[in-house]
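Working notes for the structure below.
The values are calculated or read from the model by the stated rules, or taken from the named source; none is laboratory data. Predicted model only: the values in this text are computed from it and were never measured. Here the Cβ positions follow ideal geometry from the backbone for every residue, glycine too, while neighbour counts run over all protein chains shown. Quick note on the areas: whole protein, heavy atoms, side chains included, nothing else; ligands and nucleic acids left out. Shrake-Rupley method; radii C 1.70, N 1.55, O 1.52, S 1.80 Å.
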Amino acid sequence: MTDIVQQGETTPNGELPKDVILRVNHLVKEFPITRGVFFKKQVGAVQAVSDISFQVKRGETLGLVGESGCGKSTTARSVLRLLEPTSGEVWFQGANDDGSIDAPVDVASADREILRGLRRELQIVFQDPYASLNPRMTVAGIVAEPMTVHEMGSPAERLERVKHLLEVVGLSPEHTNRYPHEFSGGQRQRIGVARALALNPQFMVLDEPVSALDVSIQAQVLNLMQDLQDEFGLTYLFIAHDLSVVRHISDRVAVMYLGKIAEMTDRDTLYDRPMHPYTHALLSAVPIPDPTIEASRKRIILEGDIPSPSNPPRGCRFNTRCPKAVPGKCDVDTPPLEELEPGHWVSCHFPEVVQVV
Amino acid sequence: MADPLLNVEDLRTYFSTEEGVVKAVDGVSFKVDAGERRGVVGESGCGKSVTAMSIMRLIEPPAGEIVTGKVEFDGRDLLKLTEADMQQVRGGDIAMIFQDPMTALNPVYTIGDQLIETILLHQDVSKSEARDIAITALDDVQIPHAGKVMEDYPHQFSGGMRQRVMIAMGLSCEPKLLIADEPTTALDVTTQAQIMNLMLELAEQRNTAVLLITHDLGVVAGFCDSIQVMYAGSIVERGTGDEIFHNPQHPYTWGLLGSMTRLDESQQERLNSVRGAPPSLINPPTGCRFGPRCDFAQDICREALPILHQSQEGQKVACHRSDELDLKSIAIGATS
C-alpha cells in the first residue's frame, strides 16, 4: 500500500503524515495577457501551472522534468512564493533538530512575518551562475547576505560561517574577498549553493542547477549536491529538462506537460515501466552515449511543436501530438491524474506500460 | 583509396586578446571522406567551433588569425582562395548550420527571400526556378504548406522549425559537406530527436558528408561514423563510435564518459568526474594539456606534449601512457 494521500485532496491543517515535508494542493499560476500601452487591459491569461498537486517526503529528491514552457520552473517558484500563486495551497511541515515536527504552514497564504520565517527553511539554487550572483559583491558578501537579512550572528561569526560554507562546497576559504567574475561556471554554481545553505534550510529547489555547465563540471556539482543532501538531510525539488540527470539524482520523478503533471512515480518505475505516451516519447528521444544501443533503439518521433500555453488544447493537453490519441475522447475529456499502481500516478485515458529505455 | 573530401593539416588559429595570445586551435589535423559523418566533441573552449569557423574562413582579423595550416577541400586549399571564390564555397559546396537559428536568419526578410537569395548566389537558375527549388527544399525538411511558409518571417517559427529552415537552406545547393555546429543544443529533446532524425535521413539519401560539432556525446553516438575528441585546442582521440565509446584510450575521453549521467543506468552512487577545470589557452600547461587533471600523469606527461598516434587498440590517441594503461578494466560508465 502507498501512503500517498489521494492527489488533489484538500488536506486540513495539521493532518499531514509525519514524513511529508511539502504538500502542494491544486496549485494554479496564471500570468495575465494585457493589451494597450497606457491603459493596460487584461485580455486573457496564460495558465502556466494548471491545478497540480504533489507531495515531497523529508530527505528525498523529487525530480520535476519537462520541456521548455511546461511550467516546471513556475511551479517551483510558486511553491517558494517567489511568484504569487493564483490559487492553491502549499503546505510546508518543518522538523526541528530534536526530531519534533512543526505544525504545517501554508506558504501560499502565509503573511509577511510567517513568510520571512519560512524563507530560512526554503531556499533555491538558480540555473545561470552568471546572472544569479551580484557582480559587484564579494563572495563573502554574497554568501553572508541571507544571514545579514535574517540577523544571524555577529559580523565576525558570519564571516566564520562563510569560510566554513565555502569549504563545504569545495572552494577555498581564502576566496572570500574575490568577485564572481574571478570564478568559472562550476565554481560560481558552488557559490550559489553555499548561499542557499547559509541559513541551514530544510528544503531546496534546484532549478536546472547543472544545465549551464560542461559535462565534467556537471558531474562534480551533481556529486556535491548528493554529498550535501546526505550531510545535512536536505530535501530537494530538482527541476531539469535532462532526463538522464534526473534519473541519476531523483528518488521520485514527475513529468510535466503544458502546466500539468502527466506521470509521477518512483525513479526506476518511470524509466523502466512508463505508462504515459508523452513519457514514452520523451524517454525515447534522449540519446544514450553508446552507438550499439543507439543503433537498436526505436525512436518515437512526435509531430509538431508544443502548443501555446495561452491556448492549450481541449481535453488531454497532449492529444494534439499523441500517437495514441482517440478522437472524441482525448480531445474532449481531460484525464485525471490517477494512481494506477501503488505510487504510480498517470494522467491518460489509455495508459499502457511500454519499455523505451 | 580515393582522396578525402576534406583534409585539414596542422591548423592553428590564434586570437590576440589583452591578456595574451589565445591558442584556440593549436595543431589540428584530420580528414573527412565523402559521405562520412564525423563527430567533433569536447567541452566549451576546446576549439571545436573555431576549427569549423577556420574551415569556413569565418575567423575575423585582426582579433583572430589562421596562423598556419592547410584546409584542402575537394583538391583545393581553401586558405589560399580569394574571398570571392570562398564565397562560392560557403553555402555552395560547404554549408553550415549554427546553434541559434534565430540569429542566423535575417529577421526582416521572409524565409522565401532568404532561400531564393542563397540559391541564386550558387546556382545558375532563374528566379522562378529558384523559387521551385526553395519550395522543394522546405518540403524535404518536412515543413508543412511549404508554398505558404515562403511568405513567413523567421519570428513566426518555433526553434525547431527555424532549424529546419536552416537545414533546407544549407542543403538547397546540394553541398558535399555540411558543418553543423551544435544544431540541436538550443532545442528541446523531442525536437532534437526530430531534427537529428531528419539530418540523418537527408545526409544518407544525398551522401552528404557531415561534420557534427557538439558537446553532447549522446547525440554523436547515434549519428556519426567516426568521432574526434578535442581538448584545449587539439585532438586527443579519434576513432569509430565503437572505439571511442566502448574502449576509450585517452584518460580525458574515459573521464568524460564516466562523468555522464545515463538514461539507461540506475545508479545513485557518485559520478566518476574529472577533477579541476580546463586550462587557460593563453598559458597552457607544459607537456600534456590534460596532465594537471589526469589521474595517471607521470613525469613524461609534464615534460613533453603527446602527439596523436596509432594506438594498439585501433584508434588514434594523443597520450604518452595509453598503451600501458588498461582503462577498460577501470572504466566506470564507459563500458556496461
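Selection of the range A:274-291 for residues being more than 19 Å from the chain's Cα centre (by Cα) and within 7 Å of chain B (Cβ to nearest Cβ) yields A:A281, A:A285, A:V286, A:P287, A:I288, A:P289, A:D290, A:P291. Residues that are at positive phi and part of a strand (DSSP E or B) within the range A:15-43 comprise just one, A:H26.
Scanning the range B:37-53 for residues that are among the polar types (S, T, N, Q), under 10 Å from the mean Cα position of the chain (by Cα) and open to solvent by 10 Å² or more (accessible area, probe 1.4 Å) yields a single hit, B:S49.
Every residue, every condition in (1) assigned to a loop (DSSP other than H, G, I, E, B); (2) in contact with a strand residue (DSSP E or B) (Cβ under 7 Å, 6 or more places away or on another chain); (3) without any contact (Cβ under 8 Å) to a residue 40 or more places away in the chain, yes or no:
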| site | (1), (2), (3) |
| --- | --- |
| B:F15 | no, yes, no |
| B:G35 | yes, yes, no |
| B:G45 | yes, no, no |
| B:A52 | no, yes, no |
| B:V67 | no, yes, no |
| B:L79 | no, yes, yes |
| B:T103 | no, no, yes |
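Per-residue answers, yes or no, for (1) in contact with a Ser or Thr (Cβ under 6 Å, 6 or more places away or on another chain); (2) within 20 Å of B:A180 (Cα to Cα); (3) assigned by TED's automatic domain parsing to the domain that holds B:E151:
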residue: B:V71; (1), (2), (3): no, yes, no
residue: B:I97; (1), (2), (3): no, yes, yes
residue: B:D100; (1), (2), (3): no, yes, yes
residue: B:P107; (1), (2), (3): no, no, yes
residue: B:L120; (1), (2), (3): no, no, yes
residue: B:D124; (1), (2), (3): no, no, yes
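The lone criterion from (1) open to solvent by less than 20 Å² (accessible area, probe 1.4 Å); (2) in the same structural domain as B:V165 (by TED's automatic domain parsing) left unmet by B:Q205 is number (1). All conditions in (1) basic (K, R); (2) surrounded by fewer than 18 Cβ atoms within 10 Å (Cβ to Cβ); (3) in a helix (DSSP H, G or I) hold for A:R247, with the sole exception of (2). Filtered by the rule that a residue be within 8 Å of chain A (Cβ to nearest Cβ), open to solvent by less than 30 Å² (accessible area, probe 1.4 Å) and either in contact (Cβ under 8 Å) with a residue 40 or more places away in the chain or touching a Phe, Trp or Tyr at 6+ places or on another chain (Cβ under 6 Å) (or both), the range B:268-299 gives a lone residue, B:L271.
Just checking, which of B:I179, B:I244 is away from chain A (no Cβ under 14 Å), surrounded by 24 or more Cβ atoms within 10 Å (Cβ to Cβ), in contact (Cβ under 8 Å) with a residue 24 or more places away in the chain and among the β-branched types (V, I, T)?
B:I179 is the lone residue from the list that is away from chain A (no Cβ under 14 Å), surrounded by 24 or more Cβ atoms within 10 Å (Cβ to Cβ), in contact (Cβ under 8 Å) with a residue 24 or more places away in the chain and among the β-branched types (V, I, T).
Among the residues of the range A:160-218, the one identified as farther than 20 Å from B:G276 by Cβ, assigned to a helix (DSSP H, G or I) and small (G, A, S) is A:A196.
Taking the criterion of being part of a loop (DSSP other than H, G, I, E, B), at pLDDT 95 or above and open to solvent by 50 Å² or more (accessible area, probe 1.4 Å), the residues of the range A:83-110 that qualify are A:E84, A:T86. If the condition is being assigned to a loop (DSSP other than H, G, I, E, B) and either closer than 14 Å to B:A221 by Cα or in the same structural domain as B:L217 (by TED's automatic domain parsing) (or both), then the range B:251-263 contributes B:M260, B:R262, B:L263. Restricting A:E294, A:E182, A:E263 to those that are modelled with pLDDT of 95 or more and charged (D, E, K, R) reduces the list to A:E263.
Each residue in the range B:201-221 was checked for being within 14 Å of another protein chain (Cβ to nearest Cβ) and under 15 Å from the mean Cα position of the chain (by Cα), and 9 pass.
Note on the range A:318-357: among residues that are buried (at least 21 other Cβ atoms within 10 Å of the Cβ) and free of Cβ contacts under 8 Å to residues at least 24 places away in the same chain, the one that is farthest from A:I301 (Cα to Cα) is A:P335. Considering A:L165, A:L222, the condition of being among the aliphatic types (A, V, I, L, M), touching a Leu at 6+ places or on another chain (Cβ under 8 Å) and within 11 Å of chain B (Cβ to nearest Cβ) is satisfied by A:L222 alone. Consider the range A:202-219 and keep the residues that are touching a strand residue (DSSP E or B) at 6+ places or on another chain (Cβ under 9 Å) and acidic (D, E). The one that is farthest from the other protein chains (Cβ to nearest Cβ) is A:D207.
A:Y271 meets each of the listed conditions (1) open to solvent by 10 Å² or more (accessible area, probe 1.4 Å); (2) in contact (Cβ under 8 Å) with a residue 24 or more places away in the chain; (3) touching a Leu at 6+ places or on another chain (Cβ under 8 Å); (4) within 11 Å of chain B (Cβ to nearest Cβ) apart from (1). For the range A:289-317, name all the residues that are open to solvent by 30 Å² or more (accessible area, probe 1.4 Å), outside any loop (DSSP other than H, G, I, E, B) and not β-branched (V, I, T). Answer for the range A:289-317, where residues must be open to solvent by 30 Å² or more (accessible area, probe 1.4 Å), outside any loop (DSSP other than H, G, I, E, B) and not β-branched (V, I, T): A:A295, A:S296. Across the range B:102-125, the number of residues qualifying as closer than 15 Å to B:L138 by Cα and more than 25 Å from the chain's Cα centre (by Cα) comes to 6. Test B:A34 against the stated conditions and say whether it is surrounded by fewer than 19 Cβ atoms within 10 Å (Cβ to Cβ), out of contact with any helix residue (DSSP H, G or I) (no Cβ under 9 Å at 6 or more places or on another chain), hydrophobic (A, V, I, L, M, F, W, C) and more than 28 Å from B:Q310 (Cα to Cα). Criteria not met by B:A34. Note on the range B:306-326: among residues that are without any contact (Cβ under 8 Å) to a residue 40 or more places away in the chain and not charged (D, E, K, R), the one that is farthest from B:P284 (Cα to Cα) is B:Q312.
Across the range A:257-286, what is the total count of residues that are assigned to a strand (DSSP E or B) and either β-branched (V, I, T) or in contact with a Ser or Thr (Cβ under 7 Å, 6 or more places away or on another chain) (or both)?
So the count comes out to 5.
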